[in-house]
Each structure stands twice: as structure tokens, then as C-alpha cells.
Amino acid sequence: MTTSSSPRAGQGVSLGMPELPAPGYPDDVRDRLERDAREIIARYPDSRSALLPLLHLVQAEEGHVTRTGMAFCADVLGLTTAEVTAVATFYTMYRRKPSGDYQVGVCTNTLCAVMGGDAIFEALQEHLGVGNGETTDDGKVTLEHIECNAACDFAPVVMVNWEFFDNQTPAGAKHLVDDLRAGRPVTPTRGAPLCTFKETARILAGFPDEREGAADAGGSAGHASLAGLRLARGETAPARVVHPREGGPHDTPRDAAGHRPSPAEHLSSHDAPQDTSASDPAHPAGPAAEEGE
Ligand code: FES
């Protein structure tokens, strides 16, 4: 491990003006972080592979990744702070400014958005009086948009410090943040018990979660995630196929032999009726006519 007198330590990215070296940690904090850093680095054949967990480690110390934290990572790994900064600014899980004890992320990717994620985000903005990436005055909650967390089957999803709160509603999400701010116990829908952002960052650095019940947490996928698997295994009755009503507007005509094409032969039985040029001969598809033609 290099020392703080290394020429690389504290070296900043400069745009014309020389940047002052980042202030160091107090000696006792640095000693403690160095012990943890040694443990993390020992897990990898190449020390620079430890950069991601080390950034979580310094985030656990201050609640976000500071210049001091990045200089520390550069120092112990023998990297430049420019290299560390490039990584820290690439991943959204590293925060670059002070944040709340609870990072409340609302998934606003397509599926969650249409299932109510956008409405939840708007409701929380108004309820908390903060915008995206902002923290409430009491320092408890930081609100932000998050990207898809592969929990689309439980949409709309809210995550608090990366723990899942499934099938949320605007009213439920407001209740959730009220409980967090008031210090009332809050239990994620599945997975580990909730902890603060700094505690979460330490777990992400690779240190065990020693809280009661945490070791047994995690569980398995929820019912919605397993529905397809059960169907494939024949453990669930196949979905009921609904044929268009005979003689109705979406009836599939029989062929000359009196055979009516099955849904598999034409349109999925779950698809909405499609208006195409075949079904709407008065408006055939084709290249748009130039104006004046
Ligand atoms: S779109 Fe929200 S979890 Fe996938």
C-alpha cells in the first residue's frame, strides 16, 4: 500500500488552474479505512479491481464520494485521481454530493412509468418539496429517478437504499417516506431489512451484514417472477384463450373448408385487434403522397 506522500495522492483533474490537493482523512479514520481497504484489495489478483468496492467504502464513511475519498482510493491502489474520478462519475450508485439517510428511487422506466411510476414520482416531489436528486431539509430522504431494476413484474417499483418496495401507489409511497422521516420501522417487500445509506454502502463494499435476520434474508423470487416458470413446468393451467366472438367485428373468417385459423396461425388472442390495410381497405397502407400530388 502506498502512503499519502505518494506523488499520485491527491492529484486532481485540472482545467488550467492547478487544483489544490484534496484534504486527507483524520489519522484515526485513515488507519481504519486502510485496514478495511487491505481486506478488500486482498480479494483480488489485481489491486485495481478493488476500485468499485473501495468507492463504496469511502461512500460509507461520508455518505457520498468526496475528493478526499477519491484521493484515498487513488493512493491505496496506486492510481491517479483522474482514473478514480472517471470511474466514480460513471456509475450512478456513487453519489457526488451529500445525500439523505434514505435514497428513495422511483423507477420511471417504461413499464413502471406507465403502471404509475411517473405519478408516484410527481406525488413524492410535491409531498417532499424536493426535485430529482434533492434531499429533504431534515437530511432524511433523497428522491431520485432510477432506471429499471429488473423488477418489472412488480411494477411500479420504488427502491429505498436499493431494497424493493413492490407494486407501489402514490398514496403508499407518500406513507413510506413519511415513515422513513419519522423513524418508524419500514419493511421492504422482499430481501434484506432496510438500513441507512451509509450502512448499505458498507455492505456493498463487501462487508457482511451482521444485523439480526439479515443473513437469512434475500429469499427467492416473488410470485409474479415465478409465474412463467410454473407455467413452463406445467404446474399452472395455461392461460384461457379467448376467441373472437363468431360474427362479431373481430371475427376471423373461416376458409373455404370451413376452418377457422387458430390464434397461433394469425394474431395472438391477447393482442388488441389491429387495424391494417387488410381490415380497412378504405385506407390502404403505402407511401405518404407528396403534397400537391
Ligand atoms: S421498468 Fe421498473 S423495474 Fe423494470
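Would you check if Gly63 is touching a Pro at 6+ places or on another chain (Cβ under 8 Å) and closer than 30 Å to Ala37 by Cβ?
Values: touching a Pro at 6+ places or on another chain (Cβ under 8 Å): yes; closer than 30 Å to Ala37 by Cβ: yes.
When the stated conditions are applied, Gly63 passes them.
Can you pull out the residues in region 41-62 that are part of a loop (DSSP other than H, G, I, E, B) and not acidic (Asp, Glu)?
Ala42, Arg43, Tyr44, Pro45
Looking at (1) away from the ligand (no atom under 16 Å from the Cβ); (2) closer than 18 Å to Gly133 by Cα; (3) in contact with a helix residue (DSSP H, G or I) (Cβ under 6 Å, 6 or more places away or on another chain), which is the one condition that is false for Val186?
Just one mismatch for Val186, condition (2).
Restricting to region 66-105, name every residue that is under 18 Å from Glu144 (Cα atoms), of a type in the set (A, V, I, L, M, F, W, C) and touching a Ser or Thr at 6+ places or on another chain (Cβ under 9 Å).
Val104
Out of (1) surrounded by fewer than 23 Cβ atoms within 10 Å (Cβ to Cβ); (2) touching a residue at least 60 places away in the same chain (Cβ under 8 Å); (3) of a type in the set (Asp, Glu), what's the single condition that is false for Asp75?
Answer for Asp75: the failing condition is (1).
Are any residues in region 157-167 surrounded by fewer than 24 Cβ atoms within 10 Å (Cβ to Cβ) and within 12 Å of the ligand (Cβ to nearest atom), and if so, which ones?
Across region 157-167, the qualifying residues are Met159, Phe164, Asp166, Asn167.
Taking region 35-57 as the region of interest, how many residues are among the charged types (D, E, K, R) and buried (at least 17 other Cβ atoms within 10 Å of the Cβ)?
Residues that pass the stated criteria total 1.
Filter region 106-156 down to residues that are polar (S, T, N, Q), away from the ligand (no atom under 11 Å from the Cβ) and surrounded by fewer than 14 Cβ atoms within 10 Å (Cβ to Cβ), then give me how many there are. Write out each step before concluding.
In the first step, residues of region 106-156 are kept if they are polar (S, T, N, Q); the result is 108-110, 125, 132, 135-136, 142, 149.
Okay, now just the ones that are also away from the ligand (no atom under 11 Å from the Cβ), so 125, 132, 135-136, 142.
Narrowing further to those that are surrounded by fewer than 14 Cβ atoms within 10 Å (Cβ to Cβ): 132.
Total satisfying the criteria: 1.
Are there any pairs with C-beta distances below 8 angstrom linking a residue in region 106-123 that is assigned to a helix (DSSP H, G or I) to a residue that is within 6 Å of the ligand (Cβ to nearest atom) and among the polar types (S, T, N, Q), with the two at least 6 apart or on different chains, and if so which?
Qualifying pairs under 8 Å: Gly117/Asn109.
Do any residues in region 30-57 that are within 21 Å of Tyr94 (Cα to Cα) have Cβ atoms under 6 Å from those of residues that are among the acidic types (Asp, Glu), where the two are at least six apart or on different chains, and which pairs are they?
Leu57/Asp36
At least 1 residues that are without any contact (Cβ under 8 Å) to a residue 60 or more places away in the chain and among the polar types (S, T, N, Q) in each: list the strands (runs of 3 or more DSSP E) lying fully within region 128-182 that qualify. Show your work before the answer.
Values: elements: 141-146, 158-160, 163-165.
Per the criteria, 141-146.
Hey, Ala82 hits all of (1) in contact (Cβ under 8 Å) with a residue 12 or more places away in the chain; (2) under 14 Å from the mean Cα position of the chain (by Cα); (3) surrounded by fewer than 18 Cβ atoms within 10 Å (Cβ to Cβ) but one; which does it fall short on?
Of everything listed in (1) in contact (Cβ under 8 Å) with a residue 12 or more places away in the chain; (2) under 14 Å from the mean Cα position of the chain (by Cα); (3) surrounded by fewer than 18 Cβ atoms within 10 Å (Cβ to Cβ), Ala82 misses just condition (2).
Read-outs: derived from the displayed coordinates by stated rules, not from any lab. What you see is a predicted model, and the numbers here were worked out from it, not measured in a lab. No Cβ is skipped: glycine too gets one built from the backbone with ideal geometry, and neighbour counts run over all protein chains shown.
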